[in-house]
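S.K.: Supplied in C-alpha cells, the structure appears directly below.
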Amino acid sequence: MAYNHREIEKKWQKYWSEHKSFKAENHSNKPKFYVLDMFPYPSGAGLHVGHPLGYIASDIYARYKRHQGFNVLHPMGYDAYGLPAEQYAIQTGTHPEITTEKNIKRYRKQLDQIGFSFDWDREVRTSDPDYYKWTQWTFIQLFNSWYNRDADKAELITGLIEKFETSGNGDVHAVCDETPAFDAAQWKQMTEIEQQEMLMHYRLAYLSETLVNWCPALGTVLANDEVKEGLSERGGYPVERKLMKQWSLRITAYAQRLLDGLETVDWPDSLKEMQRNWIGRSEGASVWFKLDGHADDKELSEGIEVFTTRPDTLFGATFMVLAPEHEWVSKITTPEHKDKVDAYVQWAKNRSERERMTEVKRVTGEFTGAYAVNPLTGNKIPVWIADYVLAGYGTGAIMAVPGHDSRDFAFARHFKLPILQVVSQEGAEPADTDSWEDSYDAKEGVMIQSGFLNGLQVKEAIHTAIVRLEEMGIGTGKINFRLRDAIFSRQRYWGEPFPIYYKNGMPYPLPEDELPLRLPEVDKYLPTETGEPPVARAKNWVTKDGYPLETNTMPGFAGSSGYYLRYMDPHNDNEYFSKDANQYWRNVDLYIGGDEHAAGHLIYSRVWNKFLYDNGLACEDEPFKKLINQGKIQGRSNFVYRITGTNKFVSYNLRKEYNTQALHVDIEMVSNDVLDTEAFKKWRPEFKDAEFILEDGKYHCGYEVEKMSKSKHNVQNPDDLIEKYGADTLRLYEMFLGPIDQDKPWDINGIEGVYRFLRKLWRLYFDENDQLSVTDEPAIEAEQKVIHKTIKKIQDDIERFSFNTGVSAFMICVNELNELNCHKREILEPLAILIEPYAPHLAEELWESLGHKGGLVNVDYPEYDQKYLQEDTFTYPVSFNGKLRFKLELPADMSAAEIEKAVLSAEEANRWLEGKTIRKVIVVPKRIVNIVVG
RNA sequence: GCCCGAGUGGUGGAAUUGGUAGACACGUUGGACUUAAAAUCCAAUGACCAUUGCGGUCGUGCGGGUUCAAGUCCCGCCUCGGGUACCA
C-alpha cells in the first residue's frame, strides 16, 4: 500500500481546520496579500469540474505567497440571493433561505474536499442580515449623496442643500437629470415635497420614472447587463421596454473615472476593452437646429438639440431624425401628417426589443411635416421620426448626414432624401452621390462643399467646427457615454429590502440605527393580486410610525458590489469595515474569475468602491489591482452511432458505411473513448437488447467539445474524481490542462498521468514497504542542479500564472531524480515545500514524515542558488543557411570568435562547406551558430 | 457590421526577449515482469522519402514580406470563439 490519498487528505483537512492554519490577521508585521475568488452563487447542482479551476489557481498563489512570508487574506463566501432559489420557492413553497442553506452546505463540503486554504472565519453571505445591513447602509449613503463635477467626486446632499439655500442651483455643476434653474429665494419657497422632488434629480440613488427592461416571465425589471440580445440572461425570456417608477444608481457620474481607472489596473486587455466599449465614450458636439416657423414659440424657439461626433459634416446634414419617443414629436408634427406619425409612434412603441434588434436592416420612419434650419447653410431640412434613433442616447435626435453615415444613407435612399458629399477621400475626385453604393464614413479625407471648412482635414475640421459653433452660440463641444444608470429595483422577494419608507408619497431613508431592515415573511412568493411585488404581501410592512415601506428589493449586484471590503472586517457590528482593517488590506491584489462579469459585477464594484473612496471610507480608488480571467472548461461529449431504425450501434470509424444517428452517451460509461457496452445496455431500458458492430473488438465513441450540461451527459462532478484519485491529483490535473485564462475542453483521459506522477513522487520518499527511504547523505552536483533548476522554474511559473508549465516542471524534476535514484533529504525537503501550493495534502504528509512538526503552510520557500544553474558547456546548434545540421558542445564561456573558429574547423562542418564560399557567420553566444554559404 | 482573442502532432499543450519547433502528459505500437490481469518498468511515436548505415525533404490556418534566422515581427486573407449591436 503506497500513496493513500483518502487517508492523507482527510487527515490534513482536519488538521488545517483545527489549527486555523489559514487564518489571516488584521494586525501583522508581515506584508499583506489579498487573493480573491469571484463570489459564487451556491446553485442546487453543486460544483462541476469547471467551477474550481479559478479557485485552484488562486489557492496555489495564496499558498505560495504564505511561503514567501506574506500575511495572506484568502476568503470565501456566498452570493446567496438569486433567482433559482426563488423560482423553486414559487413552485414548491419552500422558503428560499432553506434551499440556499442546503445548497451552501453542499457547496462547502465540496470546497473542503479540494483542500482550499480559505479563512472560513471570514465567510460572508449576502442574505445574512449582519451582512446586508451594510448593503442597505451603503444605499442610504448613495441616497444622501450627489456628484459634484467641480470636485469630481460624490459629496453629501446636505452640502447641496446649503448651496441651494444660498444661491440656488445656478453655480452647481452636478451629474443630474435635466432641471430648471432656480435661485435661493425660489428654493426657499418650494414646499417640502417640491424640494424633495428637486433633490431626487441629484441623488446618486434616485427614484424616477424610466424606460426599463421589463421581463414578464420573471416578473421583474432587469439591468442592461442582465439582458443579452433582447432576452433575459437568466432563463432567456423576452424583455420589453416599459415605463416604470424605479430606483436607479447614478453610475454614469463615474463614467470618466471608470475609464481612467482602467489605465491603472493590471487586467487582461480584452476585459478592459469590453469595459471601454460598455462605457462607450464618444467625443463630439451638441448643436441646436432651429425649427422653421417656430421662432416665436417660447418653448420651441431654442431649437432641437442633437449630438454628433461629426460636427465637421454639418454642411452635409440634409434632414433630421427624432426618436419616436422624443417629447417634441407631437408638438412639431403638422396636422396633415398627424395620423401617420401617431400610427408610427404607436407601432414603434409596441415593437419588442427583440424585434427591433433583429430587424435592423428594415428601414422605417415617418415625415413630421416640420422643417428645421441647418444652422450653417441656412437650408430648410425636413424633420423625420424613425426608430433607428434611440430615445436613450444623446438627445434622442440626430442631424442626418447621409453622405457620411451608413444608417442615414440607407434611410435617405429608402425615402429618396438628398445625399450630399462633404468629405472627399485624399486624392479622389468628388463623385456623384447618386452612383454611390454606400456612404463614406471614414474619418479621413478633405472637406468639400463646406464653406469655411473647405480644404481642411477631417480631424482639423471637427475642431474648427466646434470652435465656430461655440462662437455662434449654436453649439458646444460635448462628450457622451453609452453607459446608462443602473436600475436598482427588482420586483422579487429574495433580495435585500430597501431601507426606505414613504411619507406623502416621497421616499425617505430609515434611520441608520434601525438597520438591518429584515426581509419579512410572506405567504407566497408571487406578486400581489394588484401587481405589487411579493414583499407587499408581508403583514405590517410599515415603519413603527406606520409609514409604508418600499416593497421592491435590491438586485443581485447590490450585495456583491462591496463584499471584498467586508471580508477585511467581516464581524464588525458598528461599521461596514474599520478604517484600520481597510488601511492594512487596502484592496485586492489578485482577483481571479470569469470575464462574463465584465459589464456587470466588475463595473458595479468599481463604482461602489469609488463611491466609498469619495466618502473617505475606502483608501483605494480601484478595488482590484490585478485580475486574471479563468477560461471556461467545456464539456467533452461522447457519441454512439445508432443505425437508423434499428437497435444496432456501429463503432465510430465504421459509421460512414451506414445511415446513422449520433446519440449522446453518458461519459461515465466511456473510457478513452471506448464504450462499456454492458453498462450501456443497462443505461436505459430501450438499450437492453442493443447490438454492437465493433472494430478490433471495441466500440469506439465519437466526441465533440460542447457546453457542460446534464442533457449532453458530459458533466464531470469533482466528487467522483476526488474519491478515485484524490484532491491533489484533481488540483494538479486542472492546472495541467492548459493556460489558466484559456477555454479548454475537459478531458478525463490525462488524469491518470498526473496520478501516476504523484505516486512516483511518493516513491522518492518511501520504499515498497512504505518505509521512509530518505537519507541524510549529501547531495551530488547533478542532484543539486535538478532541484535548484526546479525551484527557479516553479517560482517563475507561479509568478507569471503559468500553472500548467509548473506542473510539467515538477514532472521533469521527479523523472530526473528518479533517474539519479535520489532519496536525499537535502533535495527532497525543499521539493516538499515547492509542491505544497499544488498538492498541499501530499506535501504536508511528506513534510511530517521527514520529521517536522507544526505544518508546512508557513514554512519559508526554498531559494535557488545561481551556482547550480550555470552550465560549463553549451551545446550549440549549428545551422547552415538557417537549417540545423549538427550540434557541437563547447565551453559556455567561449568568445564568439573562438566559437566561430571551433565550428568551422569541426569535422561535421566540412560536408556543408565543401565547394561553397562562406558569406557570413552569425554567432550568438549560448544560443546559436548560423553560417551563410553560397 | 464593428471591437477583441485564438488557430502548433492522433489529443491537451510547450517554446518567457526573433535563435535547436513539438517540452511535459495522454493515446497508440512493441517489449520486460506475471499462471493471468492490474500495477510497474523499458523502447518507439509530426508527415513523407530512404532505410544497409549515414541521412534527406516538408512542416506551427492560407498567401506574401522583413531578417543570417519567423510559431514569434509586418501586410493581405480564411476559420473558430467571445463581446456588442442602429450609441449618431
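S.K.: Which numbered condition in (1) within 16 Å of RNA strand B (Cβ to nearest atom); (2) in contact with a Ser or Thr (Cβ under 8 Å, 6 or more places away or on another chain); (3) more than 22 Å from residue A:78 (Cβ to Cβ) is the only one that residue A:599 fails?
M.R.: Tallying (1) within 16 Å of RNA strand B (Cβ to nearest atom); (2) in contact with a Ser or Thr (Cβ under 8 Å, 6 or more places away or on another chain); (3) more than 22 Å from residue A:78 (Cβ to Cβ), residue A:599 fails exactly one: (2).
S.K.: Scan the range A:786-815 residue by residue and report those that are of a type in the set (D, E, K, R), part of a helix (DSSP H, G or I) and within 9 Å of RNA strand B (Cβ to nearest atom).
M.R.: If the condition is that a residue be of a type in the set (D, E, K, R), part of a helix (DSSP H, G or I) and within 9 Å of RNA strand B (Cβ to nearest atom), then A:792, A:793, A:796, A:797, A:799 are the ones that fit.
S.K.: Residue A:260 is checked against (1) in contact (Cβ under 8 Å) with a residue 60 or more places away in the chain; (2) among the acidic types (Asp, Glu); (3) within 19 Å of residue A:480 (Cα to Cα) and fails just one. What number does that condition carry?
M.R.: Exception for residue A:260: condition (1).
S.K.: Considering only residues of the range A:183-209 that are over 41 Å from the mean Cα position of the chain (by Cα) and small (Gly, Ala, Ser), which is farthest from residue A:155 (Cα to Cα)?
M.R.: Going through the qualifying residues, I end up with A:185.
S.K.: Also, I was wondering about something else. Testing residue A:179 on (1) without any contact (Cβ under 8 Å) to a residue 40 or more places away in the chain; (2) assigned to a helix (DSSP H, G or I); (3) under 21 Å from residue A:247 (Cβ atoms), one condition comes back false. Which one is that?
M.R.: Failed condition: (2).
S.K.: Suppose we keep only residues that are in a loop (DSSP other than H, G, I, E, B) and over 36 Å from the mean Cα position of the chain (by Cα) within the range A:141-175. Which one would you say is farthest from residue A:197 (Cα to Cα)?
M.R.: A:171
S.K.: Same structure again: Looking only at the range A:849-864, decide whether some residue is part of a helix (DSSP H, G or I), assigned by TED's automatic domain parsing to the domain that holds residue A:730 and closer than 30 Å to residue A:71 by Cα.
M.R.: yes
S.K.: Examine the range A:310-321 for a residue that is assigned to a loop (DSSP other than H, G, I, E, B), among the acidic types (Asp, Glu) and in the same structural domain as residue A:403 (by TED's automatic domain parsing), and state whether such a residue exists.
M.R.: No.
S.K.: Right, another one. Any idea which of A:101, A:86 is assigned to a helix (DSSP H, G or I), among the acidic types (Asp, Glu) and modelled with pLDDT of 95 or more?
M.R.: It is A:101.
S.K.: Still on this structure, I have one more. Exactly one of these conditions fails for residue A:440: (1) over 25 Å from residue A:288 (Cβ atoms); (2) in contact with a strand residue (DSSP E or B) (Cβ under 7 Å, 6 or more places away or on another chain); (3) surrounded by fewer than 17 Cβ atoms within 10 Å (Cβ to Cβ). Give me its number.
M.R.: If we test residue A:440 against (1) over 25 Å from residue A:288 (Cβ atoms); (2) in contact with a strand residue (DSSP E or B) (Cβ under 7 Å, 6 or more places away or on another chain); (3) surrounded by fewer than 17 Cβ atoms within 10 Å (Cβ to Cβ), just (3) comes out false.
S.K.: To continue, here is another question. Being under 30 Å from residue A:571 (Cα atoms) and modelled with pLDDT of 95 or more narrows it down to one of A:164, A:139, so name that one.
M.R.: After applying the criteria, what remains is A:139.
S.K.: Kindly evaluate residue A:299 against the criterion of being assigned by TED's automatic domain parsing to the domain that holds residue A:377, more than 18 Å from residue A:462 (Cβ to Cβ) and either touching a helix residue (DSSP H, G or I) at 6+ places or on another chain (Cβ under 8 Å) or in a helix (DSSP H, G or I) (or both).
M.R.: yes
S.K.: Kindly list the number of the only condition in (1) more than 14 Å from the chain's Cα centre (by Cα); (2) buried (at least 24 other Cβ atoms within 10 Å of the Cβ) that fails for residue A:630.
M.R.: Of (1) more than 14 Å from the chain's Cα centre (by Cα); (2) buried (at least 24 other Cβ atoms within 10 Å of the Cβ), only one is false for residue A:630: (1).
S.K.: For the range A:467-478, give me each residue that is surrounded by 13 or more Cβ atoms within 10 Å (Cβ to Cβ) and either assigned to a loop (DSSP other than H, G, I, E, B) or touching a Lys or Arg at 6+ places or on another chain (Cβ under 9 Å) (or both).
M.R.: Matches in the range A:467-478: A:474, A:475.
S.K.: Would you point out the residue of the range A:872-885, among those that are near RNA strand B (Cβ under 10 Å from one of its atoms) and assigned to a loop (DSSP other than H, G, I, E, B), that is farthest from residue A:919 (Cα to Cα)?
M.R.: Looking at residues that are near RNA strand B (Cβ under 10 Å from one of its atoms) and assigned to a loop (DSSP other than H, G, I, E, B), I get A:882.
S.K.: Among the residues of the range A:229-247, which ones are within 15 Å of residue A:487 (Cα to Cα) and in a loop (DSSP other than H, G, I, E, B)?
M.R.: Once the filter is applied, which keeps residues that are within 15 Å of residue A:487 (Cα to Cα) and in a loop (DSSP other than H, G, I, E, B), the range A:229-247 yields only A:239.
The values are calculated or read from the model by the stated rules, or taken from the named source; none is laboratory data. Since this is a predicted model, take the numbers as computed values, not measurements. Don't worry about glycine lacking a Cβ; one is built from the backbone with ideal geometry, like all the others, and counts go over all protein chains shown.
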